[in-house]
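Q: Have a look at this one before I ask anything.
The values are calculated or read from the model by the stated rules, or taken from the named source; none is laboratory data. Since this is a predicted model, take the numbers as computed values, not measurements. Here Cβ is always computed from backbone atoms with ideal geometry, including for glycine, and neighbour counts include all displayed protein chains. Side chains included, ligands, DNA and RNA excluded: accessible areas come from the protein's heavy atoms. Shrake-Rupley method; radii C 1.70, N 1.55, O 1.52, S 1.80 Å.
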Amino acid sequence: MVTWLKKQKTYLLIGYVFLLLIHFGFKDHLYVTGILFYAFPLPVLILAIFPLLALFYNKKRILFALLGLIGLLSFFWINHQYINYNIIDANSANSILLWNIADQKDYNVDVLKKTLETQRIDALFFVEVLHEDNNFNAQFTKELNNYNIEFLEGNMMVAAKKGITVVDYIEEKNNYKLNHLKVEIEANTFEVVIVDIFAKPWHNKKKAFTKIYKYLEKHNIDIILGDFNTPYESIYFNHFKTNYTSARNFQNGFSATWPYPMPLLEIDHIWISKQLNILSTKKEFYSDSDHALLITDFK
């Protein structure tokens, strides 16, 4: 195996350069480049340099170039993925929670209960709750007894201190799911869209995002959130940036949300209308969860 790698090292180096071009250039503009873009996030590309160092240890120019590349990519990764935001006091803010709870032990109801004991959260949004196939609705209702709860189509769920109105549900099998809600928070009613996009890395996200764009154009949506299974650097989020602000820019720490314990991709997102002011975002991981829990405060 080692002998074969040494013989193919030039092709491996060319392939690595191609992956860099995809990450920083082509991204997911095309279907094929999109698959590679999702499969090789920047931390993986940094780690992939180390086998190349071993293969080119006797080629000093290439060796030093690779070492420099490690430093350059590491700096870029930290600069773009590590966020150091000066969190504003959010005592009088509106607060929402987003969590994908598909692969979590007992759906972490106890974790939610402890979170709500220490933080005031107005509305909680969940994807991949799998309530259509599991009998745990009563447990959620018992533990979240201060909230109104709606178990939604598409295995989603919302819990809010005040009123919840289900406006619409759209699903395309093996593509995406979308719930449109009106949620009362304090004295205001917010239009919220919850999204869950098909997770397979070879799935073409273009169709799902195009349908979501069209839906947003027809409705006055205040908050878009969910498991997009798409990294923040994707070209498909550029459309959101016109009218919405990503809550990820208002947190401290690395922004990746999946998978625990070594998060590589930022695939869970909260986008809030630019007419509202985001104050802070908290990200928390738990050992029984593969997705991070996100809490965003806004006014």
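Q: Given the residues GLU217, GLU184, which is the only one that is part of a helix (DSSP H, G or I) and open to solvent by 20 Å² or more (accessible area, probe 1.4 Å)?
A: Every option except GLU217 fails the conditions.
Q: Of all helices (runs of 4 or more DSSP H) completely enclosed by segment 1-74, which ones contain at least 1 residues that are closer than 30 Å to ALA208 by Cβ and under 24 Å from the mean Cα position of the chain (by Cα)?
A: Values: elements: 2-7, 9-21, 31-39, 42-47, 49-55.
Per the criteria, 9-21, 31-39, 42-47.
Q: Going through ILE101, ILE62 one at a time, which residue ends up being surrounded by 13 or more Cβ atoms within 10 Å (Cβ to Cβ), of a type in the set (Val, Ile, Thr), under 14 Å from LEU13 (Cβ atoms) and modelled with pLDDT under 95?
A: Details: ILE101 fails: under 14 Å from LEU13 (Cβ atoms).
Only one candidate passes the filter, namely ILE62.
For every residue, the table says whether it meets (1) in a loop (DSSP other than H, G, I, E, B); (2) touching a helix residue (DSSP H, G or I) at 6+ places or on another chain (Cβ under 7 Å); (3) of a type outside the set (S, T, N, Q).
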site: ARG248; (1), (2), (3): no, no, yes
site: ALA256; (1), (2), (3): yes, yes, yes
site: MET262; (1), (2), (3): yes, no, yes
site: TRP271; (1), (2), (3): no, yes, yes
site: GLN275; (1), (2), (3): yes, no, no
site: LYS282; (1), (2), (3): no, no, yes
site: ASP290; (1), (2), (3): yes, no, yes
site: ASP297; (1), (2), (3): no, no, yes
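Q: Now, a different point. Of the residues in segment 223-252, how many are in contact (Cβ under 8 Å) with a residue 24 or more places away in the chain and open to solvent by 30 Å² or more (accessible area, probe 1.4 Å)?
A: The total comes to 9.
Q: Could you grab me the full set of residues in segment 194-214 that are out of contact with any helix residue (DSSP H, G or I) (no Cβ under 6 Å at 6 or more places or on another chain) and either more than 24 Å from ALA102 (Cβ to Cβ) or open to solvent by 20 Å² or more (accessible area, probe 1.4 Å) (or both)?
A: Matches in segment 194-214: PHE198, ALA199, LYS200, HIS203, LYS206, LYS207, THR210, LYS211, TYR213, LYS214.
Q: Might you check whether a residue that is open to solvent by 40 Å² or more (accessible area, probe 1.4 Å), without any contact (Cβ under 8 Å) to a residue 12 or more places away in the chain and among the charged types (D, E, K, R) occurs anywhere in segment 141-162?
A: Yes.
For every residue, the table says whether it meets (1) among the aromatic types (Phe, Trp, Tyr); (2) touching an Asp or Glu at 6+ places or on another chain (Cβ under 9 Å); (3) crowded, with 17+ Cβ neighbours inside 10 Å.
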site	(1), (2), (3)
GLY15	no, no, no
LEU19	no, no, yes
LYS27	no, yes, yes
LEU30	no, no, no
ILE35	no, yes, yes
PHE40	yes, no, yes
LEU47	no, no, no
ASN58	no, no, no
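Q: Looking at TYR107, TYR85, TYR57, can you tell me which residue is aromatic (Phe, Trp, Tyr), modelled with pLDDT under 90 and on the phi > 0 side of the Ramachandran plot?
A: TYR107
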